[in-house]
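To start, the structure itself, in structure tokens.
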Amino acid sequence: MKQEVDALVRRRIRGLRAARGWSLDDLASRCYLSPSTLSRIETGHRRIGLDQLVSIARALGTTLDQLVESASDEDVVIRPQRDEARGVTAWMLSRDSGPNGTSVAKMRITKPPPPLGGEEMGVHPGRDWFTVLSGTVVLLLGDRTILVEAGQAAEFSTMVPHALGAHDGPAEIIAIFDGEGRRSHLHPS
């Protein structure tokens, strides 16, 4: 292991143990190592063997991948993606797709929706879900116009032509999209 990753892994082991309120003895009994071996691993006075890492990770309720993943600061800040033409700014809150390809985004919508029944209304397989944080969102759904206000949520089949827009000023939402919804709603203009 590179030195910085090695030191990070040792800090993570100590931190996870402490977060659980476990002593060295507690963790040692769970991963079948001696408390002195664990102490030397945490302090950097002993090399960490792969078999020990696997056992420690399992005892701490984490994975080997999580223990050794890099600590890059580049993925800490979520930067907005602006689409001026559509009047949407989006912050992707999930880095990777979740179960069934779902993604979570915060969106600020500034423009009203396209005309009801217009070709800008999208259709794609799946379902969309959103909750309104502030303002009011106009949801065009088929031939219906639905106002969704702050504190309310909507969930609908995306096989029905649909579009979102702001009603009387900007609106902010948290939305959950499947893979098709992400491509349809968060594509660059």
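The values are calculated or read from the model by the stated rules, or taken from the named source; none is laboratory data. These figures come from a predicted structure and were not determined experimentally. Note that we place each Cβ from the backbone using ideal geometry, even for glycine, and neighbour counts take in every protein chain shown.
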Going by what's in this entry, would residue 138 be described as modelled with pLDDT under 90, in contact with a Ser or Thr (Cβ under 8 Å, 6 or more places away or on another chain) and assigned by TED's automatic domain parsing to the domain that holds residue 174? no
Restricting to region 114-145, what's the tally of residues that are free of Cβ contacts under 8 Å to residues at least 60 places away in the same chain, under 19 Å from residue 177 (Cα atoms) and not small (Gly, Ala, Ser)? 16
Residues satisfying the stated conditions in region 115-138, i.e. in a strand (DSSP E or B) and among the aliphatic types (A, V, I, L, M): 132, 133, 137, 138
List the number of the failed condition for residue 94; all other conditions in (1) closer than 30 Å to residue 15 by Cβ; (2) buried (at least 18 other Cβ atoms within 10 Å of the Cβ) hold. (2)
Identify, please: which residue in region 54-76 is modelled with pLDDT under 90 and surrounded by 14 or more Cβ atoms within 10 Å (Cβ to Cβ) and is, among those, nearest to residue 4 (Cα to Cα)? 68
Of all residues in region 30-53, how many are modelled with pLDDT of 90 or more, loosely packed, with under 14 Cβ neighbours inside 10 Å and among the small types (Gly, Ala, Ser)? 2
Whichever residue in region 113-127 is closer than 16 Å to residue 144 by Cα and surrounded by 15 or more Cβ atoms within 10 Å (Cβ to Cβ) and, among such residues, is farthest from the chain's Cα centre (by Cα): 116
In region 38-94, how many are touching a residue at least 12 places away in the same chain (Cβ under 8 Å), of a type in the set (Lys, Arg) and not in a helix (DSSP H, G or I)? 2
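Please work out if residue 108 is charged (D, E, K, R), in contact with a Ser or Thr (Cβ under 7 Å, 6 or more places away or on another chain), surrounded by 12 or more Cβ atoms within 10 Å (Cβ to Cβ) and at pLDDT 90 or above.
yes
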In region 170-189, how many are at pLDDT 95 or above and either within 11 Å of residue 123 (Cα to Cα) or not β-branched (Val, Ile, Thr) (or both)? 3
